[in-house]
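Notes follow once the structure below has been shown.
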Amino acid sequence: VSFTAYELMKRCGVAASGSQILPVIVGHNGRCMAVAAALQARGFDIRGIRPPTVPEGTSRLRISLTLNVDEGEISAMVEALVEVLAQT
(Lines give C-alpha, C1' and ligand atoms only; values in the text may rest on other atoms or scores of the structure.)
Protein backbone atom coordinates (compact mmCIF):
# COMPACT_ATOMS: atom_id res chain seq x y z
CA VAL A 1 0.00 0.00 0.00
CA SER A 2 1.47 3.34 -1.01
CA PHE A 3 1.68 6.21 1.46
CA THR A 4 -1.09 8.13 -0.31
CA ALA A 5 -3.43 5.14 -0.36
CA TYR A 6 -2.72 4.66 3.35
CA GLU A 7 -3.42 8.36 3.90
CA LEU A 8 -6.77 7.97 2.14
CA MET A 9 -7.65 4.97 4.27
CA LYS A 10 -6.57 6.61 7.54
CA ARG A 11 -7.91 10.15 7.06
CA CYS A 12 -11.13 9.32 5.24
CA GLY A 13 -12.15 6.05 6.84
CA VAL A 14 -11.69 4.04 3.68
CA ALA A 15 -11.16 0.33 4.14
CA ALA A 16 -8.84 -1.59 1.84
CA SER A 17 -11.00 -3.16 -0.84
CA GLY A 18 -8.61 -5.51 -2.63
CA SER A 19 -9.12 -3.61 -5.89
CA GLN A 20 -8.45 -0.19 -7.35
CA ILE A 21 -11.97 0.90 -6.37
CA LEU A 22 -12.20 2.41 -2.90
CA PRO A 23 -15.66 3.20 -1.50
CA VAL A 24 -16.07 6.11 0.89
CA ILE A 25 -19.33 5.56 2.77
CA VAL A 26 -21.04 8.93 3.21
CA GLY A 27 -24.48 7.75 4.29
CA HIS A 28 -27.22 10.18 3.25
CA ASN A 29 -27.97 10.41 -0.49
CA GLY A 30 -28.05 14.21 -0.57
CA ARG A 31 -24.76 14.61 1.26
CA CYS A 32 -23.10 12.00 -0.93
CA MET A 33 -24.13 13.75 -4.13
CA ALA A 34 -23.14 17.16 -2.73
CA VAL A 35 -19.67 15.85 -1.82
CA ALA A 36 -19.30 14.23 -5.26
CA ALA A 37 -20.33 17.49 -6.98
CA ALA A 38 -17.88 19.53 -4.91
CA LEU A 39 -15.03 17.16 -5.75
CA GLN A 40 -15.99 17.15 -9.44
CA ALA A 41 -15.95 20.96 -9.39
CA ARG A 42 -12.34 20.69 -8.18
CA GLY A 43 -11.46 18.46 -11.14
CA PHE A 44 -11.73 14.98 -9.58
CA ASP A 45 -13.78 12.33 -11.38
CA ILE A 46 -15.45 10.90 -8.30
CA ARG A 47 -19.00 9.60 -8.55
CA GLY A 48 -21.71 9.21 -5.96
CA ILE A 49 -23.33 5.79 -5.74
CA ARG A 50 -26.76 5.63 -4.11
CA PRO A 51 -29.80 3.36 -3.79
CA PRO A 52 -30.92 1.16 -5.38
CA THR A 53 -27.32 0.27 -6.29
CA VAL A 54 -26.36 0.24 -2.60
CA PRO A 55 -28.59 -0.19 0.49
CA GLU A 56 -30.47 2.84 1.81
CA GLY A 57 -28.31 4.90 4.18
CA THR A 58 -25.02 3.67 2.70
CA SER A 59 -24.56 6.05 -0.23
CA ARG A 60 -20.91 6.27 -1.08
CA LEU A 61 -18.28 7.87 -3.24
CA ARG A 62 -16.58 5.63 -5.77
CA ILE A 63 -12.87 6.40 -5.92
CA SER A 64 -10.94 4.51 -8.55
CA LEU A 65 -7.15 4.60 -8.28
CA THR A 66 -5.60 3.68 -11.61
CA LEU A 67 -2.21 3.92 -13.25
CA ASN A 68 -3.39 7.18 -14.83
CA VAL A 69 -3.03 9.09 -11.54
CA ASP A 70 0.14 9.75 -9.62
CA GLU A 71 0.75 10.10 -5.90
CA GLY A 72 0.62 13.91 -6.08
CA GLU A 73 -2.87 13.76 -7.59
CA ILE A 74 -3.98 11.26 -4.96
CA SER A 75 -2.64 13.50 -2.18
CA ALA A 76 -4.50 16.49 -3.65
CA MET A 77 -7.69 14.42 -3.85
CA VAL A 78 -7.31 13.28 -0.23
CA GLU A 79 -6.88 16.89 0.92
CA ALA A 80 -9.94 17.99 -1.09
CA LEU A 81 -11.97 15.05 0.21
CA VAL A 82 -11.09 15.77 3.84
CA GLU A 83 -11.99 19.44 3.37
CA VAL A 84 -15.27 18.78 1.56
CA LEU A 85 -16.39 16.10 4.01
CA ALA A 86 -15.77 18.53 6.88
CA GLN A 87 -17.84 21.23 5.18
CA THR A 88 -20.86 19.13 4.19
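The table below gives the values:
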| quantity | calculated |
| --- | --- |
| For Phe44: the one exception among (1) open to solvent by 30 Å² or more (accessible area, probe 1.4 Å); (2) farther than 19 Å from Gln20 by Cα; (3) in contact (Cβ under 8 Å) with a residue 24 or more places away in the chain; (4) of a type outside the set (Lys, Arg) | (2) |
| Ser19 vs. criteria polar (S, T, N, Q), modelled with pLDDT under 90 and not in a helix (DSSP H, G or I) | yes |
| Criterion: surrounded by fewer than 18 Cβ atoms within 10 Å (Cβ to Cβ), among the charged types (D, E, K, R) and either touching a strand residue (DSSP E or B) at 6+ places or on another chain (Cβ under 8 Å) or modelled with pLDDT of 95 or more (or both) - qualifying residue of Arg60, Arg31 | Arg31 |
| Criterion: closer than 19 Å to Thr88 by Cβ and in contact with a Pro (Cβ under 8 Å, 6 or more places away or on another chain) - qualifying residue of Leu61, Leu39 | Leu61 |
| Some residue of segment 67-74 being assigned to a loop (DSSP other than H, G, I, E, B), more than 16 Å from Cys32 (Cβ to Cβ) and open to solvent by less than 50 Å² (accessible area, probe 1.4 Å) | no |
| Selected residue (criterion: farthest from the chain's Cα centre (by Cα)) from residues of segment 34-46 that are at pLDDT 95 or above and more than 16 Å from Ser75 (Cβ to Cβ) | Ala41 |
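The values are calculated or read from the model by the stated rules, or taken from the named source; none is laboratory data. Everything quoted here is computed from the prediction, not taken from an experiment. Don't worry about glycine lacking a Cβ; one is built from the backbone with ideal geometry, like all the others, and counts go over all protein chains shown. Only protein heavy atoms, including side chains, enter the accessible area calculation; ligands, DNA and RNA are left aside. Shrake-Rupley method; radii C 1.70, N 1.55, O 1.52, S 1.80 Å.
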